[in-house]
Amino acid sequence: MSHVSPAFAPVFGNCIKLLRKVLYTESGQPFLVAGSGTLGWDAVAANLIEKDEKALVLNTGYFGEAFADCLSLYGADVTQLGAPLGGAPIKKQITEALKKDKYKVLTFTHVDTSTGVLSNAKMIAETVKEVSPETLVVLDGVCAVASEEIRFDDWGIDVVISATQKGLGVPPGLSVVVASQKALKVFEQRKSLPASYYISWAKWLPVMKNYEAGTPSYFATPPVQLIYALETSLKTIMEGKVSLEERFKMHRETSVKFKTAMKDMGFKLLPLSDDTSANGMSAVYFPDGFKAPDILPKMLKRDIVVAAGLHKDVKDRYFRVGHMGVTVVNPERGDMEKIIKGIQDSFAEAGYKVPSGSA
């Protein structure tokens with residue numbers, strides 16, 4: 001299928017319309033561009049930040065720190081606001097930081113996959129609106145969109161960054177960005193040219209508008225097959241047997257089920273509290289004496305792939321499990337039961353004994 005085929009244009013356009021529904025926005029402008037979720041960082045840095053403008057990054061793990069690096073490379077004056085490992089900055093900290101200086105953007109990772117930490121997006125956006133309403137609120141939702149509730153318009157989010165390979169349930173390779181009209185106005189009023197050619201909104205905005213209107217358009221070749229796959233997934237999410245609200249509820253329930261099973265084995269979770277714990281994934285510490293090479297190959301023998309640690313401070317001490325998308329909303333597949341049993345059996349094979357009183 002050609003990317004300028006008349007048959008392709010309505011598929012692309014429908015993806016744009018359905019993405020708005022997933023994020024509860026009427027006026028947000030989606031951008032679908034070939035690339036990974038990381039390209040969304042470049043989109044923010046290149047289009048919304050000019051040299052020496054200030055950015056406040058709420059750091060809850062590897063991806064917050066990496067976003068800060070990206071912003072710095074584009075010339076931003078970056079301040080990072082951190083929290084203890086497994087925690088997230090609280091309202092008081094954010095308020096104090098916003099009062100101390102004027103920031104062009106505030107960014108945060110809704111779910112940082114390096115730690116399994118969930119940031120309170122609603123609270124963060126409301127705090128910015130109260131203290132520094134001119135500051136743009138940027139939500140990195142690569143591991144959050146379609147598994148965590150994001151009410152773009154109601155909460156006052158200005159940019160959501162995402163990708164297709166997690167909650168949206170599509171193969172990787174498509175960068176998803178949604179920008180508010182406020183963010184687009186800031187872009188239009190910038191004094192210098194965008195700091196990137198490929199991800200410039202000046203290039204992509206006409207393309208997105210044309211495709212939504214049903215007209216093939218071109219700047220750079222879109223990943224046609226991924227756009228088709230995304231439409232299929234978005235239709236399933238918005239028009240399937242499970243409503244969007246029920247979908248989020250099922251993710252919360254599955255998260256509790258998995259985390260409870262891990263606690264019953266005597267395992268400790270990396271997030272410090274349930275309030276800062278993601279619903280689409282879990283980060284679990286290995287018990288003393290065990291590391292990834294002891295367990296992950298045994299899981300693989302059972303056709304289960306889990307990820308080793310990523311956060312530099314505890315990289316070898318924990319593992320990560322995703323539970324989102326079809327795994328959650330199609331429980332008849334039995335995925336979660338297989339994963340939990342696989343973890344139990346793999347640790348038993350490695351010689352782990354559940355402490356008395358844990359289960």
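Odds and ends about this structure:
- Condition check for residue 107: modelled with pLDDT of 95 or more, surrounded by fewer than 24 Cβ atoms within 10 Å (Cβ to Cβ) and more than 24 Å from residue 255 (Cβ to Cβ): no
- Among the residues of region 332-343, just one is surrounded by fewer than 17 Cβ atoms within 10 Å (Cβ to Cβ) and touching a residue at least 12 places away in the same chain (Cβ under 8 Å), namely 338.
- Residue within region 69-79 that is closer than 20 Å to residue 272 by Cα, touching a helix residue (DSSP H, G or I) at 6+ places or on another chain (Cβ under 9 Å) and among the polar types (S, T, N, Q) present: no
- Top-ranked residue of region 30-58 - restricted to ones that are surrounded by fewer than 21 Cβ atoms within 10 Å (Cβ to Cβ) and of a type in the set (S, T, N, Q), ranked as nearest to residue 212 (Cα to Cα): 36
- Of the listed requirements (1) closer than 16 Å to residue 105 by Cβ; (2) over 18 Å from the mean Cα position of the chain (by Cα), residue 26 misses just one: (1).
- The C-beta contact set for region 84-112 (first residue in the same structural domain as residue 143 (by TED's automatic domain parsing) and in a loop (DSSP other than H, G, I, E, B), second residue surrounded by 15 or more Cβ atoms within 10 Å (Cβ to Cβ) and aromatic (Phe, Trp, Tyr), distance under 9 angstrom, 6+ apart or interchain) comprises 88/108; 89/108.
- Test: residue 295 is modelled with pLDDT of 95 or more, assigned to a helix (DSSP H, G or I) and of a type outside the set (Lys, Arg): yes
- Only a single item in (1) in contact with a strand residue (DSSP E or B) (Cβ under 7 Å, 6 or more places away or on another chain); (2) outside the structural domain of residue 149 (by TED's automatic domain parsing); (3) buried (at least 17 other Cβ atoms within 10 Å of the Cβ) is not met by residue 265, and it is number (1).
- Any pair with Cβ under 8 angstrom, 6 or more apart, that starts in region 313-324 at a residue that is under 26 Å from residue 338 (Cβ atoms) and ends at one that is among the aliphatic types (A, V, I, L, M) and part of a loop (DSSP other than H, G, I, E, B): 318/270; 319/306; 320/306; 320/310; 321/306; 324/146
- Qualifying residue in region 324-341 (condition: modelled with pLDDT of 95 or more and either in the same structural domain as residue 63 (by TED's automatic domain parsing) or in a strand (DSSP E or B) (or both)): no
- Residue within region 306-313 that is in contact with a helix residue (DSSP H, G or I) (Cβ under 9 Å, 6 or more places away or on another chain), over 30 Å from residue 237 (Cβ atoms) and surrounded by fewer than 19 Cβ atoms within 10 Å (Cβ to Cβ) present: yes
- So residue 5, is it hydroxyl-bearing (Ser, Thr, Tyr) and at pLDDT below 95: yes
- Test: residue 242 is under 22 Å from residue 323 (Cα atoms) and surrounded by fewer than 19 Cβ atoms within 10 Å (Cβ to Cβ): yes
- Taking helices (runs of 4 or more DSSP H) as the structural unit, those lying wholly within region 1-81 and holding at least 2 residues that are without any contact (Cβ under 8 Å) to a residue 60 or more places away in the chain and assigned by TED's automatic domain parsing to the domain that holds residue 182 correspond to 62-73.
- For residue 185, the test of being under 30 Å from residue 222 (Cα atoms), in the same structural domain as residue 234 (by TED's automatic domain parsing), without any contact (Cβ under 8 Å) to a residue 40 or more places away in the chain and not polar (S, T, N, Q) is passed.
- Residue count, region 238-278 (criterion: under 17 Å from residue 344 (Cα atoms), assigned to a loop (DSSP other than H, G, I, E, B) and in contact (Cβ under 8 Å) with a residue 40 or more places away in the chain): 2
- Which listed residue, of 271, 194, 222, 206, is in the same structural domain as residue 314 (by TED's automatic domain parsing) and not polar (S, T, N, Q): 271
The values are calculated or read from the model by the stated rules, or taken from the named source; none is laboratory data. As the structure is a computational prediction, the values presented were derived from the model and not from experiment. Virtual Cβ from ideal backbone geometry, glycine too; neighbours counted across all protein chains shown.
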